[in-house]
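Written out below as structure tokens is the structure these notes cover.
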């Protein structure tokens, strides 16, 4: 059982997001060592002492980051000495290591740096592979307290160079840990739960986590145990059950984003794509081009924000715009077909809608979106009504458009 | 005084970085309410109960996020009932609010959602302005526990719609607190430090925070004190000093994003814009269209990912592409001029470059980007070399392109 304590006013004031605790947790979790609690306190010495004195009953290992710098508001070593009833002494090994490091970096050691070698009596020095300040380890009864400097790069280096081996040796985790991330779009968390409830057996080996990240959900399957064969079998069994129940909505079983999945589909089939966006304003194209190699299949995108652009770049007839409006089934269809034809691509994807907050009407409220995919023989057009602010309507429209494209490429359908 | 408890296996396993605690802390800090401790535990009910029972001696207000979802691993309400010795009951007000919200969003309420209205007896419902699940408040002796769903957007909304007023009323911070966010682009954090070091006096009233958010930095000035006149005067004095030293790099003094600043400039001048993107792939257009009302000035964007598109949509001569390559000064110039001309807009903005990781060469390594702005009388073209992965090159290119456009509109220059 392991806890993490992160120290710093920059964390408690919210001026810095705490990435250290998450990094350490992730590294330890991946080798089967879970974190039971994370605590953050400011630079005040009483708060640090309080945090060092309050690990949970069963915690034997505590990793502490921050407050080891050269300035007066770095008081972790002092707090550690006070918390464990030890003296703060100049640690010769730490001092020598620091001198060496400064020399190596051709930097001048300031008198203030000497303070960083003042450690609690009996502390074991933990070398810092990247920075100048050492970490240190203090044992107090059954408890092992590991102190690291708070610079994220140094936390990462010391976690990998010291903490992992130290904890592996001490805790000897015999577990095999497997992780799998299924990406789901088109079902909300509650609907997924509804469909899986009753289907998923209780298990000592497998745990399942649901992580919504608007507008999609990641399902994370973790399988843990001492027997590799059992762990693998259970992982496969659970994956199978989930696939059986919501397979239509799973677009990736390897954690890939939707635009990467679509890129792989297009590349494998050696087919190409052109996009015409109105309300999504370039978001679909931005997503597609985040994937390295997208120039192989994305020929062009036009963002036709004005009617003039719709007419000039996509031959949308002025009469059609007048009769049906720019946000309409015929215009979406025409946009998809024209962009495909002009670009000479296999597919044309088009979106036209009202992202809001203005521009809505009783017949076409904000969130009204038409999505069209044109292929060789036919064009599919879907009418949607999305909710939320401008950003959400854009995100949802892009996701639904890419999903429709995926189904057209695969020849599948959710209807 | 105030503690924050964040709940979720995704946090203790390090699969999600904890942004909720930092957000809440930052908002409360900015009104003079500091956080004394932040605690994170997993979804296990005993761990949640433990966290609810262990606030520091002097803590009266505890904000808890997470574990209020519809699935079986969301057990915060159950843990709260257990921790405070209350029954878990269907809260009719919460249920009615949920029904209303689902109706409004035209989504079907699942039986699993009903669980989200099961709250500890006597809990006060906290409405959720964006999501479907309510928060709730439980008092236990002198302590006030506020429970929010863990979705970051919902945490933000409920913090602003509820927590701030509630805590202000309860704690009545007598301080005047002023905040100002200056957005800076074009200088790294260390360079800002270097330029401001020595210039900024010590102050009991003003604190300054630097928040890098790639590729820009926000400088947050907080002025606090009991005397409004003094606080205002000090805020202005510091703002002035910062402006004197790095004013050229400050594009907003009200925290607005760059694309909003540009939108305001274009609207104020009643001028228009067309964009031609290659390596940024639609990102510039996506940013511009995130601003409501952007259809007033953004006429169109073309993402010309292929040479064919460059030629067809922007008249880039095939010979020019052959002689100089698609990533070149003449092509960037031609793209900006052509998109402006074809769209009939005041300005044309163009970007062509190599986002990587592939496609680089010794003469034109990955990160080589040409940016052009065409106006009525002249076209400015800049050659850049950016570093980092594909995503970073795209982001940096978009930011630098919008910055060049801003300077052209303003008639200013950084050179």
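Overview of results
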quantity	calculated
Cβ-based exposure ranking for B:188, A:188, in which fewest neighbours within 10 Å come first	B:188, A:188
Per-residue average of Cβ from other chains inside 10 Å of B:66-74	4
Proportion of all alpha-carbon pairs of the range A:258-410 beyond 24 Å (%)	25 percent
Part-to-part distance (alpha-carbon centres) for the range B:145-211 and the range A:1-80, which is given in Å	22 Å
Pseudo-label separations to other copies for residue B:411 - Cα-to-Cβ vector, 7 Å, nm	6.4
Shielding by partners - mean other protein chain Cβ count within 10 Å, residues of A:110-123	0
Rounded to 10°, Cα long-axis angle of helix B:20-29 versus longest principal axis of chain B	90 degrees
Shortest-first nm distances, residue A:143 label point to equivalent points in other copies (7 Å, Cα→Cβ)	1.9
Alpha-carbon centroid distance for the pair the range B:226-244 / the range A:87-142, whole angstrom	40 Å
Efficiency of FRET from Cβ geometry, residue A:254 and residue B:200, R₀ 41 Å, rounded to 0.05	0.25
Euclidean distance between Cα centres, the range A:307-383 to the range B:362-409, Å	31 Å
Packing-based exposure ordering (other Cβ within 10 Å, fewest first) of B:9, A:202	A:202, B:9
q = 0.09, 0.19 Å⁻¹, the range A:2-171: log10 I(q)/I(0) [Debye, one scatterer per Cα]	-0.27, -1.30
Residue order, fewest to most surrounding Cβ atoms within 10 angstrom, among B:65, B:311, A:289	B:311, A:289, B:65
Computed Rg/Rh of chain A, alpha carbon atoms with Kirkwood Rh	1.12
Dimensions in Å of the protein assembly as shown - Rg and Dmax from alpha carbons	28.5, 86
Neighbouring partner chain Cβ atoms per residue of A:20-32, average, 10 Å criterion	4
Length released on extending from residue A:93 to residue A:241, taking residue separation times 0.36 nm less the Cα-Cα span	47.6 nm
7 Å along Cα→Cβ, label-point gaps from residue A:30 to other copies, nm, shortest first	3.5
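None of the figures in this text is laboratory data; all of them are computed from the coordinates on show. No experiment lies behind these values; they were computed from the predicted model shown. Cβ: placed from backbone, ideal geometry, glycine included. Neighbour counts: every protein chain shown.
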